[in-house]
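Remarks on the structure that follows.
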Amino acid sequence: MSTVKLTVNGKAVSAEVEDRTLLVHLLRDHLNLTGTHVGCDTSQCGACVVHIDGRAVKSCTVLAGQAAGSNVTTIEGIAKGDELHPMQAAFRDNHGLQCGYCTPGMIMSAIDIVHRHSGGQLDEATVRHELEGNICRCTGYHNIVKAVLDAAGRMKVAQAAE
């Protein structure tokens, strides 16, 4: 057993976990942040994507101890109070979800995509390529891609306003 200390959604947390505990299980089982989903246990689906120090990472591939000292953001930590993050609002407005199981990981990946491509144009082909590590079994991706492109514009406006 080890004590893992990290910051999750802006709050310092500490948990006593087995050394083999994955970050996804620390979040879900120890911190009750169940928006991060376990979809495949093989790092194929992307349902478990969180941000570690600002980068999208599949939390099923990271031991909790490896994240010690890091700043982790989950889907629960991206809204500002009752105001949805622009990516969440774009997914809602563009019907970028159906069953919703993949949505948290999709949104966290999409935010990272927009941040990494903020200097250049983000187009449909780039979004489709970048989302290859996230599986949706319901939508066919058309509205997800629309949502990401819509959110990219919203995020630029929100950033300019800050």
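General observations
- Ranked packing of 10-23, 134-147, most packed first, by mean Cβ within 10 Å: 134-147, 10-23
- Solvent exposure of the chain, expressed per residue, is 52 Å² of accessible area, with all protein chains present and a 1.4 angstrom probe.
- The orientation-averaged projected area of the convex hull spanned by the Cα atoms of segment 2-73 comes to 4.1 nm².
- Computed from the C-beta positions of Thr42 and Cys99 and an R0 of 22 Å, the FRET efficiency is 0.65 to the nearest 0.05.
- Angle in degrees between helix 142-161 and the longest Cα principal axis of the chain, rounded to the nearest 10: 80
- Carbon/sulfur fraction of accessible area - the chain, other protein chains in place, 1.4 Å, %: 48
- All Cα pairs of segment 86-160, percent lying beyond 17 Å: 33
- Straight-distance candidates among the aspartates and glutamates for linking to Lys58, with alpha-carbon spacing under 19 Å and chain neighbours fewer than 8 residues away dropped: Asp19, Asp29, Asp41, Glu76, Asp112, Glu130, Glu132.
The values are calculated or read from the model by the stated rules, or taken from the named source; none is laboratory data. Quantities reported herein were computed from a predicted structural model and do not represent experimental measurements. No Cβ is skipped: glycine too gets one built from the backbone with ideal geometry, and neighbour counts run over all protein chains shown. The area values use the complete protein model at the heavy-atom level, side chains included, leaving out ligands, DNA and RNA. Shrake-Rupley method; radii C 1.70, N 1.55, O 1.52, S 1.80 Å.
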